[in-house]
Amino acid sequence: MGLTKTIWATPAEYLRANEPASPVMFFAPAVLQDSARRFIADFPGLVTYAVKSNPDEAVVENLAAAGVRGFDVASLAEIRLVRRLAPDASLHYNNPVRTRAEIAQAVELGVRSFSVDAASELAKLLALVPAGTEIAVRFKLPVNGAAYNFGAKFGATVELATTLLERVAAAGLVASLTFHPGTQCTDPAAWEAYISAAAGIAAAAGVRIARLNVGGGFPSHRRAGEPPALAPIFAAIDRATTRAFGADARPALLCEPGRALVAESMALAARVRALRDGEHVFLNDGIYGALAELALIGTIDRVTVLSPEGRRRRGPAVERIVFGPTCDSMDRLPGTLALPADLAEEDYVLFHGLGAYSTATCTRFNGFGELAVATALALAA
């Protein structure tokens with residue numbers, strides 16, 4: 001991510017001093033550590049970080065400093081990254097499709113927890129992992145209330161999951177279950193349904209599972225207004241686990257948040273390149289850059305507009321179509337974005353809550369995409 005050594009009080013201070021022509025991502029380590037500590041304190045189990053959401057070294061280091069001891073990794077590159085920065089952390093290789101070479105290298109690097117959702121993939125693991133390894137069978141259900149459905153690519157049916165769990169236990173390995181309710185899921189009932197199904201799978205297989213990974217999917221604050229409440233979701237998970245498995249037989253819980261942990265720790269400042277005939281807004285960042293995910297799950301409307309001098313624009317809101325900088329008609333934010341009527345060329349649009357799936361997916365398409373990163377004490381304008 002290339003953090004600068006200077007620590008700025010706010011994004012406005014940086015923008016006023018530098019007037020950057022390229023987009024700038026502001027990172028607040030204190031915000032990230034506070035988010036991690038709240039998760040650790042409130043979730044009724046082990047909190048592991050989904051590295052794919054933002055694999056920057058500063059993010060991993062600050063999460064480890066805040067007490068995160070587990071990391072959900074999906075590639076050898078992520079495994080090596082965490083091993084270097086947090087060597088004592090527990091690694092969970094939860095990409096359920098891996099080559100035999102990847103499995104063997106992960107074992108050499110000390111990985112002792114894998115997920116699986118197919119018989120052919122389980123056969124690879126059984127041939128290569130050592131005794132004492134945890135294998136979590138990933139299953140899926142129909143999804144409601146999520147931004148998009150992970151089950152379209154990952155997860156065994158309940159019937160197949162039962163068979164896979166039987167095979168894991170028969171091989172003498174540590175048998176667990178895992179699921180993902182879907183991205184930006186706000187309904188606790190989604191987790192309750194999955195936990196109930198997990199208990200049914202374990203009972204049908206005749207296996208007492210060691211752990212239940214309730215996935216990620218926890219929502220970040222994307223829309224204006226009150227942030228999503230995580231405490232009711234955590235409480236529902238806790239109650240549902242006891243209800244489904246019984247107080248004496250409930251498995252240990254773990255979760256793998258990415259977005260909900262890291263999103264709030266970053267804000268993106270994109271500059272207005274043009275206000276075409278007073279109507280359409282063209283920014284110096286878009287869906288091929290740090291705003292890539294907006295095309296998939298909707299625009300973040302938590303924005304602040306600052307003048308080049310760092311003063312906040314406070315005109316009445318006007319719904320505007322917003323385009324990115326590339327010469328590509330697809331480079332448009334979905335829908336419209338409410339921006340102040342006094343918006344002007346060379347202003348900065350500060351998008352809040354953009355720490356997840358931004359720096360990780362930014363491209364250099366069409367010669368754009370250069371992204372500076374600055375450290376800030378706070379992200380309020």
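The residues on offer are 315, 286, 278, and the sole one that is touching an Asp or Glu at 6+ places or on another chain (Cβ under 8 Å), in a loop (DSSP other than H, G, I, E, B), loosely packed, with under 14 Cβ neighbours inside 10 Å and not assigned by TED's automatic domain parsing to the domain that holds residue 175 is 315.
Here is the figure for the range 351-369: residues that are touching a Pro at 6+ places or on another chain (Cβ under 8 Å) and either surrounded by 23 or more Cβ atoms within 10 Å (Cβ to Cβ) or without any contact (Cβ under 8 Å) to a residue 24 or more places away in the chain (or both) total 0.
The sole residue among 250, 223 that is assigned to a loop (DSSP other than H, G, I, E, B), modelled with pLDDT under 95 and of a type in the set (Lys, Arg) is 223. Residues in the range 213-243 that are surrounded by fewer than 16 Cβ atoms within 10 Å (Cβ to Cβ) and of a type outside the set (Asp, Glu): 223, 224, 225, 227, 229, 231, 232, 235, 239, 242, 243. Among the residues making up the range 234-259, those that are over 15 Å from residue 209 (Cβ atoms) and basic (Lys, Arg) are 239, 243, 259. Filtering the range 103-127 to residues that are among the β-branched types (Val, Ile, Thr) and either within 23 Å of residue 179 (Cβ to Cβ) or surrounded by fewer than 17 Cβ atoms within 10 Å (Cβ to Cβ) (or both) leaves 103, 111, 116.
Of the strands (runs of 3 or more DSSP E) lying entirely inside the range 1-102, not one carries at least 3 residues that are surrounded by fewer than 18 Cβ atoms within 10 Å (Cβ to Cβ), without any contact (Cβ under 8 Å) to a residue 24 or more places away in the chain and within 18 Å of the chain's Cα centre (by Cα).
The values are calculated or read from the model by the stated rules, or taken from the named source; none is laboratory data. Everything numeric in this text was worked out from a predicted model, so none of it was measured. Note that we place each Cβ from the backbone using ideal geometry, even for glycine, and neighbour counts take in every protein chain shown.
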